[in-house]
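Some notes on the structure that comes next.
Nothing in this text is a laboratory measurement; each read-out follows from the coordinates by a stated rule. From a predicted model like this one, the values you see are computed outputs, not experimental measurements.
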Amino acid sequence: MAAAYLPIRILLGALCVFFAHYLGRSLAGRRRAWATNAAVMRWALRVLVTALGAAWGGLDWVTFLWLGLAVASGGAGFYLVWRPQPAREDLARKMFPKE
């Protein structure tokens, strides 16, 4: 019976990893006042629902694999927004200089 749900659990786990990345980005954005609390809660609820769906069949290797990847993905998303960003280039001025 549990094998019948395995493709759905894998799909929900992949979505959990994807949503966790954006949860980390929105948490870092919230710390910098770029995102609202509502945006953070939307991503948190998406992660929670997909994590519960991936864990529906029980706590086995599939669940721990996806939850571990989700934690790593959330940390990477947080780091990518929180780290110092390089200055953006103005390519229009480089391509079309004022002479």
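Some values worked out for this structure:
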| item | result |
| --- | --- |
| Relative contact order (%) - criterion: Cα under 8 Å, at least six apart; region: the chain | 41 percent |
| Option label - log10 I(q)/I(0) by the Debye sum over Cα atoms at q = 0.11, 0.12, 0.13, 0.21 Å⁻¹ computed here, alternatives (i) -0.58, -0.64, -0.70, -1.13; (ii) -0.45, -0.50, -0.55, -0.95; (iii) -0.29, -0.35, -0.41, -1.05 | (ii) |
